[in-house]
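S.K.: Before anything else, here's the structure in question.
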Amino acid sequence: MIHTLDDLLATGTDEPVVLQASEAGAVARRLADRLGLAIYPQSLVSIGGALLGLASDQGRRALLMLLRQGVEPHGPVGFEGEIYSHALDGAQISVWHGPCSGTNAAALRRTLPYLRPQRLGLATSVGCGDRLGLATPGHIRAVRGTGLRPILAQQSMRENARTGRTPQQVVDDATWGVFQEGWTAGYGADADHLKLPEHIDWCLAAGYTFFTIDPGDHVNNAADGVTRSRLIEIVSRLPWADLETTPTDLEGRYSGRTFDTAAGIKLYFDGEKVARAVGKYGAAIAHTTAMYRHLAGRTSDFELEISVDETESVTTPEEHFFLASELRRLGVRWVSLAPRYVGRFEKGVDYLGDLEAFTRSFAQHVAIAQDVGPYKLSLHSGSDKFSIYPIAARLAGGLVHLKTAGTSYLEALRVIAALEPELFRAVLALSLAHYETDRATYHVSAQASRVPAPDLVSDTGLAVYLAGFDARQVLHVTFGRVLNTYGEAIKAALVRHEESHYSALESHFRRHLAPFADTG
């Protein structure tokens, strides 16, 4: 056991040493007493003759570095801030104090390897979207001990536009949360729902490791039900040069053939099934391939997810097999894929559909993912789908990725409703006023008319809005407008009540993760 700060600063190894809990607590208390700053104990780490940690300075987080007087650190470099001398434990110590800025987040990632986003491979994983940039500590507390691998920086371009954040800010916010909690087990960063090559470039520059390609705009949902003559026209207009095949060759690969999976599921293609599969997904396959090659041409340090979940028509087992087989033929490699499952995956509420039908369909998708892959099946809009988690966990055998986003925002509002009711009422009023406009880009079925009238609900009863189907969706889809209006007030409130915020997130996410933890 190291007893003095001077001892800690004498350990000059270039490898970071995160302080054990009991020692970290004692050091944090000594620093708080002498410096007048609240210290997050789990953040404390010794490296290169310096002690790094995260402090709370009058409600604002600050980066601290302690050094022996006159000693230059040979580990941490590139930080910005102010330095002053202070007597601690009988020795003169140089105390460096800096902001939680992008510059310092980048310097921390260079200094402490565990703060850099990593590839997670085929391990059971969970994506934790954070629209406020404050949820990572709560997410980490939920993941600890589950064996699951977290993606802690996750944001789509649509979400970035609505929250006013950049891809780099999303990664930086996750960095500070990981540092605060002393999480050294690794995490991923998901550039979600990418549609354009330039979006890949922006996210690659920000340090993302996981790239979700969304070719949904290129999926032709009409191919499911159009006439034969119209289907022939759709197929004839596909980008065959980009698909690097011909209609004749494609039909020869599939038509009249039965494909057997190891799980005993048989997939039969006749000519019409082939035509409808390529008519529906052909352009999406070409777009995904182009996006993958753009990414692979810039780095080899990445993982790919393919998402066709935000489409009108269900992905049949045959279409899944066709989509995956054709992408494999074109050299695309991925770790997870999100088909459009049966039933409805609406935002912020449980699964809507026949659970027996979902079970049968999901088992078929699992068989295909194991045969063509293996790769994980991804559950997009996966927040709050509690009825299907045990099914997916049991059938996928660990090859599953749960993607959540808006549920963390709703948990933040739960805390606001309990502790800052006036602010919550303002948020609710704005959401109700603009729900009909803001719902346009989401698959939701809530009706604002079914939300309890605010003037009939007491301050102590505001939690009802975080429990009801309609209210949850109304609050969920209007997040961009709310954050543009009340974002700073919401963030300030959550900082004031940060432990309540983290506790709410931990409890909520533990419920999400429990079925999957058994397979992790």
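Computed from the coordinates by the stated procedures, all read-outs in this text should not be read as laboratory data. Because the structure is predicted, anything quoted here is derived from the model rather than measured. Cβ sites come from the backbone with ideal geometry, for glycine too, and all protein chains shown count toward neighbours.
S.K.: Looking at the stretch 128-163, which trypsin sites (Lys or Arg not before Pro) are DSSP coil and have at most 16 other C-beta atoms within 10 Å of their C-beta?
M.R.: Of the trypsin sites (Lys or Arg not before Pro), the ones in loops of the stretch 128-163 whose Cβ has at most 16 other Cβ atoms within 10 Å are Arg144.
S.K.: Could you let me know the centre-to-centre spacing of the stretch 364-394 and the stretch 428-493, using Cα atoms, in angstrom?
M.R.: Cα centroid to Cα centroid, the span is 30 Å.
S.K.: If the viscosity is 1.567 mPa s and the temperature 4 °C, what translational diffusion coefficient in µm²/s does Stokes-Einstein give for the stretch 408-512 when Rh comes from Kirkwood over Cα pairs?
M.R.: It comes out at roughly 93 µm²/s.
S.K.: Hey, another quick one. Running Debye on the stretch 269-344 with equal point scatterers at the Cα sites and no solvent, what base-10 log of I(q)/I(0) appears at q = 0.17, 0.23, 0.28 Å⁻¹?
M.R.: -0.66, -1.10, -1.45
S.K.: Sort Ser361, Ser336 so the one with the fewest other Cβ atoms within 10 Å of its own Cβ comes first.
M.R.: Result, fewest neighbours first: Ser361, Ser336.
S.K.: Dividing the Cα convex hull volume of the chain by residue count, how many Å³ per residue is that?
M.R.: 151
S.K.: What is the P(r) of the stretch 324-419, as percent of Cα-Cα pairs per 10 Å bin from 0?
M.R.: For the stretch 324-419, the binned pair fractions read 15, 43, 26, 12, 3, 0 percent.
S.K.: Counting other beta carbons within 10 Å of each Cβ, put His199, His365 in order, fewest first.
M.R.: By the 10 Å Cβ count, ascending, the order reads His199, His365.
S.K.: Still on this structure, I have one more. Scan the stretch 277-341 for GluC sites (Glu not before Pro) in coil per DSSP, keeping those whose Cβ has at most 14 other Cβ atoms within 10 Å, and list them by number.
M.R.: Of the GluC sites (Glu not before Pro), the ones in loops of the stretch 277-341 whose Cβ has at most 14 other Cβ atoms within 10 Å are Glu312.
S.K.: Another question, then. Taking the stretch 314-408, which trypsin sites (Lys or Arg not before Pro) meet the DSSP loop condition and have no more than 14 other C-beta atoms within 10 Å?
M.R.: In loop regions of the stretch 314-408 (DSSP not H, G, I, E or B), the sparsely surrounded trypsin sites (Lys or Arg not before Pro) are Arg333.
S.K.: In percent, what relative contact order does the stretch 408-512 have, based on Cα pairs under 8 Å that are 6 or more apart in sequence?
M.R.: 42
S.K.: What does the charge count around Tyr114 come to, taking other residues whose C-beta lies under 15 Å from its C-beta (Lys +1, Arg +1, Asp -1, Glu -1)?
M.R.: That works out to +3.
S.K.: To continue, here is another question. Quick one: net charge around Ala263, please, counting Lys, Arg +1 and Asp, Glu -1 for every other residue with C-beta under 13 Å from its C-beta.
M.R.: Counting the neighbours of Ala263, the net charge comes to 0.
S.K.: Tell me which lysines have Cα within less than 26 Å of Lys403's Cα, excluding those fewer than 8 residues away on the same chain?
M.R.: Lys195, Lys280, Lys347, Lys376, Lys385, Lys491
S.K.: Work the Kirkwood hydrodynamic radius out for the stretch 5-113: mean of 1/r over every pair of different alpha-carbon atoms, inverted, in Å.
M.R.: Kirkwood radius, the stretch 5-113: 13.7 Å.
S.K.: Under a Cβ-only charge scheme (Lys and Arg +1, Asp and Glu -1), can you give me the dipole magnitude of the chain about the Cα centre, in debye to the nearest 20?
M.R.: Here the chain has a charge dipole of around 520 debye.
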